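Written below as C-alpha cells is the structure these notes are about.
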Amino acid sequence: MTEKMYADAGISAEVLRLSEEVLGELEERFAAIDQIAEYNQLKVLGAMHKNRVDASHFAATTGYGYNDSGRDTLERVYADTFHTEDAIVRSQITCGTHALNLALSSNLRPGDELLSPVGRPYDTLEEVIGIRPSLGSLAEYGVTYAQVDLLCDGGFDYDGIRAAINEHTKLVTIQRSKGYASRPTLSVSQIGELIAFVKSIKPEIICMVDNCYGEFTEIIEPSDAGADMVVGSLIKNPGGGLAPAGGYICGTHACVENAARRLTSPGLGREVGANLGTNPAFYQGFFLAPTVSASAEKGAIFAAKLYERLGFKVHPAGDAVRHDIIQAIDLGSPEYMKAFCLGIQSAAPVDSFVTPEPYPMPGYDDDVIMAAGAFIQGASIELSADGPMREPYTIYFQGGITWYHAKYGIMLSLQKLIDAGFEL
Ligand SMILES: *Cc1c(COP(=O)(O)O)cnc(C)c1O
C-alpha cells in the first residue's frame with residue numbers, strides 16, 4: 001500500500017528500493033537517537049514541572065508587557081533545561097543572527113577584543129563583527145576581532161589560541177555547528193575542552209556558544225560544559241516547529257542581564273516585552289523540540305547514507321557521530337543543486353508548486369538557493385535545503401518536523417536529480 005502511495009507521489013520503484021536498502025542499515029542509529037530524545041524529553045518536562053507551568057502562562061500580554069508571568073516562567077524553563085542561572089527568550093529577538101548580535105554587542109565594550117578560536121564564523125556574523133565592513137558592526141564601536149583557524153585535522157590550534165589571547169580579549173565565540181563551512185561540527189565535550197583551555201589562560205573571558213542547530217542532539221548542552229552563554233534561534237531546534245519567531249540566550253545572570261538591557265533599554269531590561277500571544281507556541285514547541293530534533297537528525301543520517309552510496313561526498317560522513325541536524329552534500333554542479341532543492345520544495349506541505357532559484361540574500365556574500373515550504377516562514381527546523389552558489393556546490397540540508405516527511409523529501413530530491421540527468 002505504501003509503495004503505491006510513493007509511486008503516486010512521484011517516487012520510482014528504483015529510488016524506493018534503494019532507500020529501503022539504506023534504511024535497513026540504520027535501525028541501530030535510529031534507536032540511539034530515540035534514546036537521546038527520550039532523555040531530553042524528560043529534561044524538558046522536569047523543567048516544566050519544577051516551574052509549575054499552568055494554563056495562565058499561555059495568556060497574551062500587550063503593551064509594555066509588565067508582569068508577564070508566562071514569559072518569565074518560560075525563561076525559567078529554558079534556564080533549567082540548559083542548566084544556566086538565567087535566560088532571555090523573546091519573540092522580539094528576531095532570529096539567530098539577532099540573538100548572537102545581542103549577546104555580543106551587549107557583553108562587549110569599546111576596546112574589547114572578540115576571539116573566534118574555531119575559524120571563520122557563520123556568514124551573517126561577518127557583518128555583525130565587521131569582518132565584512134558594515135554599518136553598525138562591532139568594529140564601528142571599537143571592538144576588535146581576532147580569529148584562530150582550526151587545524152587541518154579539525155582540531156583546535158591550542159598554541160595559536162594561547163598566542164591570540166591578550167589583555168583585551170573579553171569574549172570568545174564558539175560555533176557548535178559547521179554552518180556553511182566544511183569543517184566538522186563540534187561535540188559538546190570538544191567545546192568543553194576548548195572552554196576549559198581558554199579559561200585556564202584567562203578565567204574571566206566570557207565563553208559564548210552559537211548553539212544554532214545543535215540543541216537536543218546530545219543529552220548535554222554547551223552550558224553543561226562551561227559555556228557562559230548559549231545562543232540560538234526559535235525557528236530552529238528549540239522552537240519545535242511551532243514557535244513563530246524568536247531567539248534565546250541562556251547563561252549567567254550577568255550576561256543575560258546585559259543582553260536584556262540591550263534588547264530593550266537600560267533601566268527597563270527584561271521587565272518589558274509583551275508576548276503578544278506567542279507563549280502557547282513557545283511552550284508547546286519547546287515540549288516537542290526533543291522529538292522534532294530527533295526526526296530531523298534521522299533525516300540527516302538517511303540523506304548522508306543515501307547520497308554517500310551514490311558516490312557524493314557528504315559531511316558528516318554517513319557513519320559519523322553527529323552533533324547537529326545539518327547534512328552537507330557536495331553536489332558538484334549548480335544544476336544538481338537546483339534539482340535537489342526542487343525535490344525538497346515539491347515534498348513540502350506548503351508552496352509545493354514553487355521552483356527554488358538562487359538569489360542574493362541580505363547578510364550573505366554569494367547568491368543563495370533555498371528550498372522551504374514551511375508553515376513558519378523561513379523555519380529551518382522544517383524540512384529545508386539551502387546553500388551559497390559556490391564551489392563545490394554544497395547543499396545544506398536540514399529539518400523535518402516529522403521523520404516521514406524528511407524521508408519523502410530526501411527521496412524526492414534524488415528523483416529530481418535523476419530527472420536532471422543523474423544516473424543511478
Ligand atoms: C542559522 C544560523 C545562524 C543564524 O541564524 P538566523 O536565524 O538565520 O539569523 C547563526 N549561526 C549558525 C551556526 C546557524 O546555523
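The numbers here are math on the coordinates, done by the rules we state, and not lab data. In this text, all values refer to a predicted model and were calculated from it rather than measured experimentally. Virtual Cβ from ideal backbone geometry, glycine too; neighbours counted across all protein chains shown.
For the reader, a short list of remarks on this structure follows.
- For the stretch 388-421 and the stretch 159-214, distance of Cα centres in Å: 31 Å
- Exposed loop sites are taken as chymotrypsin sites (Phe, Trp or Tyr not before Pro) in a DSSP loop (any state but H, G, I, E or B) with at most 13 other beta carbon atoms within 10 Å; the longest stretch of the chain without one runs 67-352.
- Residue among 370, 361, 389 with the largest mean-square fluctuation in a Gaussian network model of the chain, springs linking Cα atoms under 10 Å: 361
- Principal axis analysis of the Cα atoms in the stretch 59-286 yields extents of 52, 36, 29 Å, listed in decreasing size.
- Signed unit charges on C-beta, dipole axis of the stretch 59-286, positive-most listed residue 273, 191, 177: 273
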